[in-house]
Amino acid sequence: MNKNKVLTIMLIVLVSLTLIGVVATVVITQIGGKDTANAEPDIDTVLESSVDVEELTTNLKGSNFVKISLKVQTDSKDAAEELTKRDFQMKDILIEELSELSKENLEGKKGKAVLQNTLKTKFNGLMQEGQIQRVYITSCIIQ
């Protein structure tokens with residue numbers, strides 16, 4: 001009878017330790033996986049999946065004009081290739097959006113952030129392969 005009790009206790013301890021080990025492994029893996037999934041890609045990956053929009057000069061709403069160039073970051077190399085082919089469509093959207101903005105709307109950090117978010121949304125509407133991650137304004141002169 002004593003042997004059965006000792007054996008039962010040993011089995012319960014062994015199963016408990018195994019269960020604790022499995023739970024700890026899952027928790028550590030999940031925490032580690034989230035950190036790498038949310039990590040920023042390295043600069044080479046960003047450049048590989050980005051497209052430059054060459055400098056464009058267009059009228060703003062009113063009597064002013066703007067010279068602007070962009071870098072558009074996508075989520076993959078395939079998406080960047082598609083976006084390169086859609087260059088004329090991106091420029092069309094850019095001209096349309098800028099023509100609705102006045103000099104005052106575009107000045108300052110807030111105005112540029114609004115333009116970047118608008119362009120990101122509109123450019124994503126074009127995409128069939130991947131998505132736009134971010135739109136960078138690389139040059140902007142308003143006159």
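The values are calculated or read from the model by the stated rules, or taken from the named source; none is laboratory data. Being a predicted model, the structure only gives us computed values, none of them experimental. Virtual Cβ from ideal backbone geometry, glycine too; neighbours counted across all protein chains shown.
Look at the range 33-55 and say how many of its residues are out of contact with any strand residue (DSSP E or B) (no Cβ under 6 Å at 6 or more places or on another chain), at pLDDT 85 or above and either hydroxyl-bearing (Ser, Thr, Tyr) or more than 29 Å from Arg86 (Cα to Cα) (or both).
Looking only at that region, the number is 1.
Could you check, for the range 125-139, whether at least one of its residues is in the same structural domain as Glu48 (by TED's automatic domain parsing), surrounded by fewer than 18 Cβ atoms within 10 Å (Cβ to Cβ) and assigned to a helix (DSSP H, G or I)?
yes
Filter the range 78-108 down to residues that are in a helix (DSSP H, G or I), within 16 Å of Thr58 (Cα to Cα) and not acidic (Asp, Glu), then give me how many there are.
Residues that pass the stated criteria total 12.
When you go through Ser69, Ser49, Ser99 one by one, which is the residue that is under 30 Å from Glu129 (Cα atoms), exposed (fewer than 15 other Cβ atoms within 10 Å of the Cβ) and either over 22 Å from the mean Cα position of the chain (by Cα) or touching a residue at least 24 places away in the same chain (Cβ under 8 Å) (or both)?
Among Ser69, Ser49, Ser99, only Ser99 is under 30 Å from Glu129 (Cα atoms), exposed (fewer than 15 other Cβ atoms within 10 Å of the Cβ) and either over 22 Å from the mean Cα position of the chain (by Cα) or touching a residue at least 24 places away in the same chain (Cβ under 8 Å) (or both).
Would you check if there is a residue in the range 20-32 being among the aliphatic types (A, V, I, L, M), assigned to a strand (DSSP E or B), at pLDDT below 95 and at negative phi?
Within the range 20-32, not a single residue is among the aliphatic types (A, V, I, L, M), assigned to a strand (DSSP E or B), at pLDDT below 95 and at negative phi.
For the range 102-123, which positions are among the aliphatic types (A, V, I, L, M) and under 19 Å from the mean Cα position of the chain (by Cα)?
Ala113, Val114, Leu115, Leu119
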